[in-house]
Every structure is written in C-alpha cells, then in structure tokens.
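To start, the structure under review is shown below, and the notes come after it.
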2 protein chains.
Amino acid sequence: MVLKTRVTELLKIEHPIIQGGMHHVGYATLAAAVSNAGGLGTVTALTQRTPELLRDEIRACKALLKPGKPFAVNFTLLPSLAPPDYGAYAQVIVDEGVPVVETAGRNPGKWIAFFKKHGVTVVHKCVAIKHALTAQRLGADCISMDGFECAGHPGEDDVGNLVLLAKARTALTIPYVASGGVGTGEQLAACLALGADGVNMGTRFMATKEAPVHDGIKTALVKADERSTTLVMKSVGNTERVYKNDVARRVQEIERENPGKIEAIRHLVSGENYRKSFQESGDPDSSVWSCGVVMGLIDDVPTCEELILRMVADAERVITKRLPSMVGGRSGGLWSMVAGRSRL
Amino acid sequence: MVLKTRVTELLKIEHPIIQGGMHHVGYATLAAAVSNAGGLGTVTALTQRTPELLRDEIRACKALLKPGKPFAVNFTLLPSLAPPDYGAYAQVIVDEGVPVVETAGRNPGKWIAFFKKHGVTVVHKCVAIKHALTAQRLGADCISMDGFECAGHPGEDDVGNLVLLAKARTALTIPYVASGGVGTGEQLAACLALGADGVNMGTRFMATKEAPVHDGIKTALVKADERSTTLVMKSVGNTERVYKNDVARRVQEIERENPGKIEAIRHLVSGENYRKSFQESGDPDSSVWSCGVVMGLIDDVPTCEELILRMVADAERVITKRLPSMVGGRSGGLWSMVAGRSRL
C-alpha cells in the first residue's frame, strides 16, 4: 500500500515520511535505511567536522542505497560567531548529486538559490508561518513545518502542530510536511487531514534498530512519556527541547539566576556532551540532548521499514475505515444507507 | 450531512462539536444557540453568583432550546480557600434535569458519582492522561482532553493535542473529545483521525454572533494570530493561557520578581477584571483574559450554526475527498485503479 501526495511526487519517494536532520544521529546508515524503506533519509551535514568528511558520509550512504532511492542532506545555518565553511559543505552536496536538501535556520535565501540553481530539491525547515512564507518566496519547493512539540529548536512562539499545520494550509501554496510530535500512523493521517502532504520525524527514528545511537538512549526513549521533555535556553532566545534530566534542570536553574548568559551554561549544553551520550556512553542522564514530545508515543525499537510500513498501514486504516464509518446523513455515504435514516 | 461518532450517540447530538465551559461567556444564549445548531451548548455554573441564579440561567436556556435538544452545564472545581457551595450548585443541575455535565478540576470523584447517580451524563475535562484514566475509573462517560493549546488552564505538562490525543487513544476505553486549539473542519477531521470522537471548543465560540461578549473582544479574536496568547501564573503552579497584552506582560514581570506569590498578581488576574472586558468595556487590553492558540485560525464572526455546519462540511470534504485521493497501491482504492499502476 502507498499514500500518494504532493510530497511523494516531489521527492520521488514511496511513502510521505521523511527522517529529518539530527546532529550525531543523521549518519549514512540511518539515512539509507529510511530511504531503502521507501521514505526519505537524511544525512546531517554539520555532524561531519569537515566538508570532505561529509563527502565520505554521502558516498557511504549512496553505497548502502538500493537502486533509484533518493536521499537528503540536512544543511542547517547555525547562529555562530565562527560559522563553518557553509560554501564548501554546499559545494560537496551539489558535487555529489544529492537530490534533496533540507535547509534550516535563519536567512536561507542565498543557499536556497544556490541549491535550486544546481537542480537540488529544497525542503526548508522552519518554526513559524512568517518564515515559511519567506522560504516559499525564496524558492523553496517544500516546507517542513516545525511545531512546538519538536526536538531541538521549536522557536519562541510555542505554537503546537494542531494549529500550526492548520494555519500553514491557509498560508502556503507549496506543499509542507508536519515536523514535531509525529510517530504514529494515526498522526500521519491527522497531519494529512490538516493539510500537510507528509511528515518529518526525528526522535521517532532515533528509536529504530538502524539508528546509529547507543542502546541506552533508545531504551530511554521507550521508557519516557510525553512529559519527559523540557525546554532550556529560553532565556537566550534559542529555546531547545531536550530530555528532562538533572543536567537540563541545572541549566534551567542557572538560566533563572543568570538569564540570557550563554557563557554560564555553555559547558552544559555543548554538542560534544551529547555526542558522547549518543555515541559512547549511552547514558541519557549525563548530557543535555534533544528529543521531542513524541517520545510519549514510542514503545518499541523497530526497523525503519517496520516503522514506516506500520505507520502507512495505520494511516490507511484510519482513512479507509475509521473516518468513512463516521460519515453519513444527507450527503450520502454507506452509513446513511445502513443506519442513518432516522437522523435525516 | 452529519458525522456520527460515539460522542454524538452518547450525548444525543447531531454534530460532534461541544461548546465548553467559559467564565463570563457560558450563558443561556450561547449554550442554546450551539445546541439548537446541533452541537452541545454549555452553561457555566460558577459564572452564576448563586445556585438560584444558575437555576434561572438553566431555565432561560431551556426556554430558548428547540424541542429535544440537549445541553450541558459546566461544573468546575476551583482551587479555593473559600469554595462555593458546590453541593447546592450540583443539586440545581440535577433538579433541573440537565442531561449532560462537564466536570473539571481536581478530585472530581464525589461529583462524578453524584451526577451519575442522578442519571446525568458526565464529560470530565482534564489536561493529562493520568487524570483522564482516573476519571474513567471514577465513572465518567467521556473525557474532554485539554491540550497545551487551550485557553485557561492547560496544566503544567505543556503537551499539545497532536501528541495528547494520540496518546489518549491508547490509554482510554471511553470516548474523548479534543479540547484546545480547534476551530476548523480540517482540525475536526484530524482529531477524529487521532482517535477522538469529537471536539470541544471555547475560544472559537467566543467569536460567534450569539456569544454574549462585547464586540471589542470578538474583534480582537479575529485580528489576533496564533502568536497572540501567552502563559501567566506558571510560577504559582496554576498556568493560564491568556491574551498577550500589556497587563499579561506585567503579570509575567511580577512573577519573575516574586515567583509563586499569588498575592502580588491577584489584583491583575481577578475574574472581575475580565468580566468587565467581556461584558462592559469590550477592551481587550485592560484585563488578563483567557483565550486559546486557535485564535490564529479565527477570521470571522459567524453564527453558531454557520460555524458548526461549515466545520462539519469541511471535515466531511477532508474525509470523503482529500484523504481517499491519497490512498492507492496494493491495498486497492480508486487511486490504484486510475493512476497507481506504475508504483506497484
């Protein structure tokens, strides 16, 4: 079975499910597993310390892909005093013939233009309708609309996807996918109902067999519930949704005492800490690491293919069975024929 | 057309749309308009200063109702040092033969039992899965599941309805409705996809012709967007979502300086202030008043009937047209016949 949407057409994928960029998770093995399962896998560019290492990772991904399967690279513009050599990373992406780029971050105009010029399909990830409209104007092919539920940076507006996706439908003409909070087929169906043409998942894909993170982290994702995330760095205007542990609470305490002082918390929120949790220790309590509210819906560690096929089957069951069974009355439908006369 | 769900059956209503309890808004006129339009209208008990005034309001509602239309009374257990005479209010509800009660607040067990004993259908409104499970065990007939998007008190967990409703599906056996963030037919369809059997709306019903609030407030709801709400009283553990204006910002400032001191903000958050805004001045900037993130989706002030019929028509269009058009491939469906062969 398949779900055919504007996004499956645009990205030339079988199922409208994208694995979004994730630092220290978005390696070739996961991206290839998702793409081979009919979704769109994503290698995270800046997890690679140099453009040449990104080239190696892209080639590793290509070597793992079944024939004809597309994949993506995430290209995130970070606020930074010493920015990475974005131009060199972008050139590698183009040189290697990557079919899809997921851009993210502020002022993506120059990069959207660059990728478009080289024939790359651009999905821009953003947290607010205003930014989505800008990206559409700048030439993005698709928006990944990030709700308040998402792991990492949900922006400062606190608007959940039930409203954000419904609003995007009225604002955008290009297709968009739901990002943040999604991990089940019922949610996939709901997002399609809201106007999205697919979903983008990060945290849910961390709890898969192929995700290249330590089992300790996957176990934490399964054990946790929907109340197990919290927000840090709100005081510095760069809010991040992370696992609710003692290190995160310590960051919040420091922020209450020293609001806005990034120097006071930098040692606790460094990416190197969570790289160690993900790649070495597997200890979910020793660093501040990003995860989404969807962890309340994660109960197992399937393969990427099992997860994607289960979601599509569940979405299809909702679309072809549950929802039609509710429709009846004057406008027709099976229910009106079998049971609805008395209500007319 | 109708949407037939477990909730329309349970509440004996035509459309799965409930108008939830709202202080200084939930009067007879609005409740009757919603019920007459085929939804379930709700009179708010504690907006009436005495049990006898509630009796008058219930009778006023009954006088406005078309024959055979049910309605509800909201019965909220407030944290209070000097609680109202709940027993007397509950007795009036039972005496007047109110068919449905919407309970809300902590420790509802005694009251759920009381209403059930007298044959009243009980919808319990709560913000967390844990509380929903308790209410189910205590005998509630239905849950109104309040997400982070909701006006008033979203609880302290910050879980939006995209995740909360999906989780409720796996946790509850009794039906539930989505409360918070909902105002469109696409969202109604999405909530049904997530497992809910209907929706409960407050803010969206404030912006209707029949809502007994000043036009100035309705205009504010139309003008605002999804970023126009904010949270106050987080520091006192009784978070409230309100309109983002200077008074709300002042409350937040005081809370930052005096966290947890309700005395320091009481004069700004009193119900009497917003009663004046709603009922007298119509000034949206002179008080702290509750409203939900859904205000970003409010563009007009229709009648309750126009709103409900539009939502049901839009939901039905999503269910019968948009979603089925996406289904194809091996499992069948029209799409596979007309366009899907090449993907098999």
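Within region A:147-160, not a single residue is within 11 Å of chain B (Cβ to nearest Cβ), over 22 Å from residue A:234 (Cβ atoms) and either touching a strand residue (DSSP E or B) at 6+ places or on another chain (Cβ under 8 Å) or crowded, with 24+ Cβ neighbours inside 10 Å (or both). As a summary of the residue check, residue B:80 satisfies the conditions (1) hydroxyl-bearing (Ser, Thr, Tyr); (2) in contact with a Phe, Trp or Tyr (Cβ under 9 Å, 6 or more places away or on another chain); (3) not in a helix (DSSP H, G or I) except for the one numbered (2). Among the residues making up region B:123-138, those that are more than 14 Å from chain A (Cβ to nearest Cβ) and of a type in the set (A, V, I, L, M) are B:123, B:135, B:138.
Could you tell me whether any residue of region A:295-313 is facing chain B (nearest Cβ under 7 Å), part of a helix (DSSP H, G or I), at pLDDT 95 or above and surrounded by 24 or more Cβ atoms within 10 Å (Cβ to Cβ)? Checked region A:295-313: at least one residue is facing chain B (nearest Cβ under 7 Å), part of a helix (DSSP H, G or I), at pLDDT 95 or above and surrounded by 24 or more Cβ atoms within 10 Å (Cβ to Cβ).
The requirement of being assigned to a helix (DSSP H, G or I) and not hydrophobic (A, V, I, L, M, F, W, C) is fulfilled nowhere in region A:283-291; no residue meets it. For region B:11-33, check the following and say yes or no: at least one residue is assigned to a loop (DSSP other than H, G, I, E, B), among the β-branched types (Val, Ile, Thr) and closer than 14 Å to residue B:89 by Cβ. No, because not a single residue in region B:11-33 is assigned to a loop (DSSP other than H, G, I, E, B), among the β-branched types (Val, Ile, Thr) and closer than 14 Å to residue B:89 by Cβ.
Scanning region B:110-139 for residues that are surrounded by fewer than 24 Cβ atoms within 10 Å (Cβ to Cβ), out of contact with any Lys or Arg (no Cβ under 9 Å at 6 or more places or on another chain) and small (Gly, Ala, Ser) gives B:113, B:119. Give the number of residues within region B:316-335 that are modelled with pLDDT under 50 and either in the same structural domain as residue B:193 (by TED's automatic domain parsing) or acidic (Asp, Glu) (or both). Looking only at that region, the number is 0.
Is it the case, given these coordinates, that residue A:280 is farther than 30 Å from residue A:169 by Cα, part of a helix (DSSP H, G or I) and without any contact (Cβ under 8 Å) to a residue 12 or more places away in the chain? No; evaluated as a whole, the condition is false for this residue. Just one residue in the set A:204, A:249, A:256, A:227 is surrounded by fewer than 24 Cβ atoms within 10 Å (Cβ to Cβ) and over 25 Å from residue B:242 (Cα atoms); that residue is A:249.
With respect to being in contact with a helix residue (DSSP H, G or I) (Cβ under 9 Å, 6 or more places away or on another chain) and modelled with pLDDT under 95, residue B:1 fits the description. Restricting region B:165-181 to residues that are within 22 Å of residue A:154 (Cβ to Cβ) and either within 7 Å of another protein chain (Cβ to nearest Cβ) or in contact with a His (Cβ under 9 Å, 6 or more places away or on another chain) (or both), which is surrounded by the fewest Cβ atoms within 10 Å (Cβ to Cβ)? Among those that are within 22 Å of residue A:154 (Cβ to Cβ) and either within 7 Å of another protein chain (Cβ to nearest Cβ) or in contact with a His (Cβ under 9 Å, 6 or more places away or on another chain) (or both), it is B:167.
The values are calculated or read from the model by the stated rules, or taken from the named source; none is laboratory data. On a predicted model such as this, the values are computed, not experimentally measured, just so you know. Cβ: placed from backbone, ideal geometry, glycine included. Neighbour counts: every protein chain shown.
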